[in-house]
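Visitor: One structure follows; several queries about it will come next.
Derivation of every value follows stated rules applied to the coordinates shown; laboratory data play no part. Because the structure is a prediction, the values reported are computed rather than measured. No Cβ is skipped: glycine too gets one built from the backbone with ideal geometry, and neighbour counts run over all protein chains shown.
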Amino acid sequence: MSTSKTSANWEKAVKRLEGKVAIVTGASSGIGRAIALQFAAEGAKVVVADLHEGWNRGGFEETASATTVEEIERNGGAAFFVTCDVTSQQQVAALVDSAVEHFGTLDVIVNNAGIYRVGKLVHEFEEADLDACWNVNLKGTWFGCQEAIKVFLAKGAGTIVNIVSTAGLGGHPKQSVYNISKGAVSSLTKCIAIEYGRDGIRANGICPTYAKTSMTRGHFDDADYMKAFAESIPLKRWGEVADVANLAVFLASDESSYIHGALIPVDGGETLCRYSVEDE
Ligand SMILES: NC(=O)c1ccc[n+]([C@@H]2O[C@H](COP(=O)([O-])OP(=O)(O)OC[C@H]3O[C@@H](n4cnc5c(N)ncnc54)[C@H](O)[C@@H]3O)[C@@H](O)[C@H]2O)c1
């Protein structure tokens, strides 16, 4: 079985994001926190944005003793926290302004903040579930892209990394409101790539399957579900936040300078098939 590489190696001599300024939304917890920490370890100055500075209870950060910014600063990196609800265009605009004011520029935005709704068929979901997923997942990403693009156009360069999901690549049962919001983010990522490539702005999407965060804790703690999921995919294990952060570093770095408009699964092969060769 393959294993995940640990992230945030602060000792590297050559830092892949040296000199870059990055915003990561939803960066207090889970995948966003892992991305922010790894960006900082690779030399980026990071603006950590979230609804609150403490991490989500119930996630896999229980052993952490520091906020994302504290952890970055403890390791000699540069970061600051901005309270931001990504469903508010005004707050997202203020977030982008604060990055430019504080660090002098903006090179990368990672639109990661997201919520999940699950467990109902289409006719059972409430309008409020649809609105919640749409507002955070799609409109939050839309506002992040819009506000960052204004800065990127002025400087003639910039990189957008949208955290999508395998849910943005196809259908899944009993999570339609989440899936359609992520499908819209996939489409948005491609539209941005088409419209702004000529301006030096790259946009790509990362499509994880289940990774261990507070969002998926309920599924992970359900031993039958946890095992059944792992067994249904070729690599036979759950994703780690580091698996997603590793790709985010690559997509934010100049190493990926010709990768544009891609929606890249980080899914242990899930999107290839959902059955085991042992079942044949
Ligand atoms: N964990 C997974 O298995 C998985 C799989 C595929 C995609 N994703 C996507 O990864 C992203 C991160 O999810 P996670 O698993 O780390 O979840 P998480 O709940 O651990 O973290 C999400 C973070 O986003 C923040 N957030 C929520 N709403 C916000 C808002 N309106 N404004 C600003 N911040 C807000 C939360 O406070 C939290 O810190 C989401 O977009 C999610 O859809 C997660």
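Visitor: I'd like the orientation of helix 176-196 relative to the chain: the angle between its Cα long axis and the longest Cα principal axis, in ° from 0 to 90, rounded to 10.
Guide: 40 degrees
Visitor: Length gain on complete extension for the stretch Q90 to E18, per 0.36 nm per residue less the alpha carbon to alpha carbon distance?
Guide: Details: separation 72, 0.36 × 72 = 25.92 nm, distance 2.95 nm.
Net length gain for the segment: 23.0 nm.
Visitor: Mind ranking 246-258, 173-185, 41-53 by how tightly packed they are, going by the mean number of other C-beta atoms within 10 angstrom, highest first?
Guide: Numbers: 246-258: 17.6, 173-185: 21.4, 41-53: 23.8.
Ranked by mean Cβ neighbours within 10 Å, highest first: 41-53, 173-185, 246-258.
Visitor: Sticking with this one: Which three numbers, in whole Å and largest first, are the semi-axes of the equivalent ellipsoid of segment 21-279 derived from its Cα gyration tensor as √(5λ)? Spell out each step's value before the answer.
Guide: On the way: eigenvalues 158, 84, 67 Å².
So the three semi-axes of segment 21-279 are 28, 20, 18 Å.
Visitor: Something else about it: Return the calculated 222 nm mean residue ellipticity for the chain, to the nearest 500 deg cm²/dmol, obtained by summing -39500 (n - 2.57) across DSSP H runs with n ≥ 4 and dividing by the residue count.
Guide: Details: 9 runs with 105 residues, N = 280.
The helix-only estimate for the chain comes to -11500 deg cm²/dmol at 222 nm.
Visitor: Taking the 0 to 90 degree range and rounding to the nearest ten, how far is the long axis of helix 223-232 tilted relative to the main principal axis of the chain, both from C-alpha atoms?
Guide: Tilt of helix 223-232: around 80 degrees.
Visitor: Tell me, what is the FRET efficiency for H172 and H102 to the nearest 0.05, using R0 = 30 angstrom and their Cβ-Cβ distance as r? Walk me through the numbers before you get to the answer.
Guide: Numbers: r = 39 Å, r/R0 = 1.31.
The formula returns an efficiency of 0.15 here.
Visitor: Can you tally the lysine pairs in segment 21-279 where the Cα-Cα distance is under 20 Å and the two residues are eight or more apart, or on different chains?
Guide: 16
Visitor: Report the relative contact order of the chain, percent, no decimals, based on alpha-carbon pairs under 8 angstrom and at least 6 residues apart. Don't skip to the end; give the middle numbers.
Guide: Values: 577 pairs, mean separation 55.6, N = 280.
RCO, the chain: 20 percent.
Visitor: Helix 89-103 versus the longest principal axis of the chain: what angle, 0 to 90°, nearest 10, using Cα atoms?
Guide: The two axes meet at around 50 degrees.
Visitor: Could you give the size of the charge dipole of the chain about its Cα centre, using +1 on the Cβ of each K and R and -1 on the Cβ of each D and E, expressed in debye and rounded to the nearest 20?
Guide: Details: 25 positive and 35 negative charges, 109 e Å.
My answer is approximately 520 debye.
Visitor: I've got another one for you. For I264 and M226, FRET efficiency with R0 = 25 Å and r from the beta-carbon atoms, rounded to 0.05? The partial results should precede the final answer.
Guide: Values: r = 25 Å, r/R0 = 0.98.
It comes out at approximately 0.50.
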